[in-house]
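Below is one structure; the comments refer to it alone.
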Amino acid sequence: MKNKDVVLSGIRATGSLHLGNYLGAMKFFAQLSQDGTKDCFFFIANLHTLTTKTDPEDIKRDLKEIVLDYVSIGIDPNVATIFAQSSVPETCELNWLLGCLASMGDLERMPHFKDKKDKKEAKREMVNAGLLTYPVLMAADILGPQANLVPVGEDQYPHVELTRELARRFNTIYGETFPVPDLLSGEAIRVPGLDGTEKMGKSDYNTIDLSDSSDVVRKKMAKAMTDPSRKKRSDPGNPSVCNVYALHTLISSGEELKEVLDGCKVAGIGCVDCKNIIAKNITNILMPIQQKRAELAAKGPDLPLEILHEGGKRARRTISVTVNEVKDKMGVPSY
Ligand code: TRP
């Protein structure tokens, strides 16, 4: 076993990142990479993206955007390894090797697969095999660098559980090789959407994007859904059913949060004022990120590719050691 913790997580490249990605995952990634005690790998899961997206130009553009997002939220590419999944062909080899240990039934029972399959079938679209084997590739992502800590949101827990199962199965059959990775829930939290849905990002019009100006934030918040039974300014509200209040609890603090809570309950504060406060607080979070991003953009369009190139080399060096060992143990070395 390694003595230094190895942290790995990935983000699927699908469009621009939003406040939900930041508060739910990326902020935590940055903290993990900054404490200096862990080896961190953060990648863009562009191979996983192929299960749902087909436009090559979109996929390439999103990849570069996420690299800049990673760096602008505080992940230093000289400290953590930032790379594209597609830069490491060894991960695909490991995907096959682990696939031969995975049970069809387990894969078919994954909630993510069932959900995607139902939606595709309802639209009479093809259910591609990548959707079924998605969690095996994820296990390869995690086990390749021998990660022992995996910070992910709740929706990914079943995938990490399957990874643990595959690691144990491999170790039992072929001898101790992989650490059985633990979930790192940390501050990973679910950020509600602006339209009253439970998760930001599940539909197109319920997000605050990391690139939104203060004006856009204010406008989006103004339209956000609140307690539906609070119709007039004089009606007392119920913060426990209000998505804007749920956002407040993640973003605002101290006296301000208390004023919003107490004020809402007795109609001391109206929804408009409450939304203005949160818009201000959101902008305060986004401003430094946007400033950093502008600085990075000023360094020219090649920067994300340079980061990916360096990160890819580093990731490959580590992952190929594991994959060679696995191939040897399974009796299929590169001759
Ligand atoms: N499936 C993850 C998501 O949609 C992304 C991902 C791919 C990932 N491989 C991973 C996350 C490995 C953690 C570890 O968010």
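For K223, the aspartates and glutamates whose Cα falls under 12 Å of its own Cα, not counting residues fewer than eight places away in the same chain, are D195.
For a straight C-alpha distance cut-off of 16 angstrom, the aspartates and glutamates reachable from K116 (same-chain residues fewer than eight places away being disregarded) are D106, E108, E125, D155. Taking 10 °C and 1.306 mPa s as conditions, the range 248-335 diffuses translationally at an estimated 88 µm²/s according to Stokes-Einstein applied to its Kirkwood radius (Cα pairs). Legend: residue pairs K38/K258; K4/K292; K4/K27, Cα-Cα distance threshold 32 Å; pairs beyond threshold, K38/K258. Give the lysines reachable from K120 as a straight Cα distance under 30 Å; neighbours fewer than 8 places away on the same chain don't count. Those lysines meeting the cut-off are K53, K60, K64, K199, K202.
Between K60 and Q31, the contour length at 0.36 nm per residue exceeds the Cα-Cα span by 7.7 nm. Taking 0.36 nm per residue of separation and subtracting the Cα-Cα distance, full extension of the segment from K258 to N3 would add 87.4 nm.
The Kirkwood radius of the range 40-190, taken over pairs of alpha-carbon atoms, gives through the Stokes-Einstein law at 20 °C and 1.002 mPa s a diffusion coefficient of 129 µm² s⁻¹. Mind checking the angle between helix 254-265 and the chain's longest principal axis? C-alpha axes, 0 to 90 degrees, to the nearest 10. The helix 254-265 is inclined about 60 degrees to the chain.
Between the Cα long axis of helix 303-330 and the first principal axis of the chain there is an angle of about 40°, rounded to the nearest 10.
In loop segments of the range 33-94 as defined by DSSP, the trypsin sites (Lys or Arg not before Pro) with at most 16 further C-beta atoms inside 10 Å of their C-beta are K53.
Hydrodynamic estimate: the Kirkwood radius of the chain over Cα pairs, inserted into Stokes-Einstein at 10 °C and 1.306 mPa s, corresponds to D of 74 µm²/s. Against the chain, whose longest principal axis is taken from its Cα atoms, helix 111-122 shows a tilt of about 80°.
Could you tally the net charge around R61, taking each other residue with its Cβ under 13 Å from the Cβ of R61, Lys/Arg +1 and Asp/Glu -1? Kindly include the intermediate steps, with their values, before the conclusion.
Values: positive: K53, K60, K64; negative: D55, E57, D58, D62, E65, D69.
Its environment carries a net charge of -3.
When a/c reaches 1.5 or more, the comparison of a/b and b/c decides; with that in mind, is the range 214-295 rounded, prolate or oblate per its Cα gyration tensor? The shape class here is prolate.
Report the extension gain between A222 and R169 in nm, rounded to one decimal, defined as 0.36 nm multiplied by the number of residues separating them, less their alpha carbon distance.
This chain segment gains 13.9 nm when fully extended.
Beta bridges assigned by DSSP with both partners in the chain are antiparallel in approximately 5 percent of cases. How many angstrom lie between the Cα centre of the range 247-321 and the Cα centre of the range 16-87? Result: 14 Å between the Cα centres.
None of the figures in this text is laboratory data; all of them are computed from the coordinates on show. Just so we're clear, the structure is a prediction, and the values are computed from it rather than from any experiment. Using ideal geometry, Cβ is built from the backbone for each residue, glycine included, and neighbour counts are taken over all protein chains shown.
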